[in-house]
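K.L.:
What follows is a structure written as structure tokens; I'll ask about it next.
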Amino acid sequence: MTPRFVALGDSLTEGLGDPVAGGGWRGWAALLAEALGERPGGVALVNLARSGALADEVAREQLPVARALAPRYASLLAGANDTLRAAFAIERVAAALDRAHGALSAGGTVVLTACLPDPGRMLGLPAPLARPLARRMRAVNTVVHAVSARYGGVHLHLADHPWVAERATWSVDRLHPSERGHRLLARGFHTVLAARDLAVGPPPPLTLDGPPPTRTGSAVWMATRGTRWVADRCTDLLPGLLALAVQECRYGLAGSVRLLDAAAENATRSALAALTEPGGAATMAG
């Protein structure tokens, strides 16, 4: 039977930013799958990722399908969309990622995870808006690190990679990688897999099939599809984000922003401490 690589997650893994001729997306998961077998096509990709998916939706909807496929490899990249929702709760994200990672690992699957860059910084938001999103993204990344370490997953420190700061690696929406970004992401995963003797083929190539994003393309996207994207996000996030921004300014004027940081760190520790072992005992957060 041909070994499988099953990709779980949201639009990042679905491939947005790396279009293919005729419509649709390719993305880093497809590029990596080609490099996991002894020959091209030796590992079959099943991409379950869906744009907009939250961590809990990945665990509830994508995980059962993935487990039934008994994959050799699975990627689990989720949580960024949760930071862009008014109802963000780090304990819900932690429980979902732990449930998914634990179930896949229990079946003998090699699970790939990554910590993700801060969406507020990528969008260039003003500091009072960006800082609350950055705080949320730090919480998600802390959880991803801890859960991956708990189950011995293959983790890519994506948020710290130098190419994350390069404009050419991001598509016109500034939230999804460009083709170059997807290729670098695939190669990054290949590198960490190879370090554990889990990658077979040569690393994914960096040669582009299409043109890089341009300033004109960015302007056109924002004037057409971008405004709709912002409107859709604002319907859910904007009221809560504005309240967070007001709180950020108030604490900033009082010189006590560290209290907000401490509260977020405490919530993250509590979320990790609440995770249970397979037998039901609560874990201890480090």
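K.L.:
So in region 234-286, with the set limited to residues that are charged (D, E, K, R) and touching a Leu at 6+ places or on another chain (Cβ under 9 Å), which one is modelled with the lowest pLDDT?
P.N.:
236
K.L.:
Looking at 140, 192, 230, which one is within 20 Å of residue 79 (Cα to Cα) and modelled with pLDDT of 95 or more?
P.N.:
Only one candidate passes the filter, namely 140.
K.L.:
Output the residue which, of all residues in region 140-151 that are of a type in the set (A, V, I, L, M) and open to solvent by 20 Å² or more (accessible area, probe 1.4 Å), is farthest from residue 93 (Cα to Cα). Lay out the reasoning, then the answer.
P.N.:
Keep residues of region 140-151 that are of a type in the set (A, V, I, L, M), which gives 140, 143-144, 146-147, 149.
Narrowing further to those that are open to solvent by 20 Å² or more (accessible area, probe 1.4 Å): 146, 149.
Numbers: 146: 13, 149: 16 Å.
Filtering region 140-151 for residues that are of a type in the set (A, V, I, L, M) and open to solvent by 20 Å² or more (accessible area, probe 1.4 Å), the one farthest from residue 93 (Cα to Cα) comes out as 149.
K.L.:
Can you name every residue in region 17-34 that is in contact with a Phe, Trp or Tyr (Cβ under 9 Å, 6 or more places away or on another chain) and either crowded, with 24+ Cβ neighbours inside 10 Å or at pLDDT 90 or above (or both)?
P.N.:
17, 18, 28, 29, 32, 33
K.L.:
Also, quick follow-up: Restricting the search to region 41-85, which residues are in contact (Cβ under 8 Å) with a residue 60 or more places away in the chain, assigned to a loop (DSSP other than H, G, I, E, B) and hydrophobic (A, V, I, L, M, F, W, C)?
P.N.:
69, 70, 78, 84 - these are the residues of region 41-85 that are in contact (Cβ under 8 Å) with a residue 60 or more places away in the chain, assigned to a loop (DSSP other than H, G, I, E, B) and hydrophobic (A, V, I, L, M, F, W, C).
K.L.:
Is it true that residue 96 is out of contact with any Asp or Glu (no Cβ under 8 Å at 6 or more places or on another chain), farther than 27 Å from residue 187 by Cβ and in a helix (DSSP H, G or I)?
P.N.:
So residue 96 fails the test.
K.L.:
Out of 116, 123, report the one residue that is closer than 30 Å to residue 246 by Cβ, touching a strand residue (DSSP E or B) at 6+ places or on another chain (Cβ under 8 Å) and either open to solvent by 10 Å² or more (accessible area, probe 1.4 Å) or of a type in the set (Asp, Glu) (or both). Walk me through it before giving the result.
P.N.:
Numbers: 123 fails: touching a strand residue (DSSP E or B) at 6+ places or on another chain (Cβ under 8 Å).
Only one candidate passes the filter, namely 116.
K.L.:
Exactly one condition in (1) in contact with a His (Cβ under 9 Å, 6 or more places away or on another chain); (2) under 15 Å from residue 140 (Cα atoms) is false for residue 112; which is it?
P.N.:
(2)
K.L.:
I need the full set of residues from region 1-37 which are part of a loop (DSSP other than H, G, I, E, B), in contact (Cβ under 8 Å) with a residue 24 or more places away in the chain and not small (Gly, Ala, Ser), in order please.
P.N.:
Once the filter is applied, which keeps residues that are part of a loop (DSSP other than H, G, I, E, B), in contact (Cβ under 8 Å) with a residue 24 or more places away in the chain and not small (Gly, Ala, Ser), region 1-37 yields 2, 3, 10, 16, 18, 26, 34, 36.
K.L.:
Of the residues in region 152-186, how many are modelled with pLDDT of 90 or more and surrounded by fewer than 19 Cβ atoms within 10 Å (Cβ to Cβ)?
P.N.:
Within region 152-186, residues that are modelled with pLDDT of 90 or more and surrounded by fewer than 19 Cβ atoms within 10 Å (Cβ to Cβ) number 3.
K.L.:
On to the next question. Just one of 13, 2 is surrounded by fewer than 19 Cβ atoms within 10 Å (Cβ to Cβ), closer than 22 Å to residue 194 by Cα and hydroxyl-bearing (Ser, Thr, Tyr); which is it?
P.N.:
Of 13, 2, the one residue that is surrounded by fewer than 19 Cβ atoms within 10 Å (Cβ to Cβ), closer than 22 Å to residue 194 by Cα and hydroxyl-bearing (Ser, Thr, Tyr) is 2.
K.L.:
Turning to a different aspect of this structure: Assuming residue 101 fulfils every condition listed in (1) at pLDDT below 95; (2) in contact with a Ser or Thr (Cβ under 9 Å, 6 or more places away or on another chain); (3) of a type outside the set (A, V, I, L, M, F, W, C) apart from one, which condition is it?
P.N.:
The single condition residue 101 does not satisfy is (1).
K.L.:
For region 110-137, give me the residue count where each residue is assigned to a helix (DSSP H, G or I) and under 21 Å from residue 75 (Cβ atoms).
P.N.:
Adding up the residues that qualify gives 3.
K.L.:
Look through 52, 107 and report the one residue that is more than 22 Å from residue 270 (Cα to Cα), open to solvent by 30 Å² or more (accessible area, probe 1.4 Å), touching a helix residue (DSSP H, G or I) at 6+ places or on another chain (Cβ under 8 Å) and not aromatic (Phe, Trp, Tyr).
P.N.:
After ruling out the rest, the residue left standing is 107.
The values are calculated or read from the model by the stated rules, or taken from the named source; none is laboratory data. For clarity, every value in this text was computed on a predicted model and none was experimentally measured. For neighbour counting, all protein chains shown are included, and Cβ atoms are generated from backbone atoms with ideal geometry for every residue, glycine included. Side chains are part of the model used for accessible areas, which takes the heavy atoms of the whole protein and leaves out ligands, DNA and RNA. Shrake-Rupley method; radii C 1.70, N 1.55, O 1.52, S 1.80 Å.
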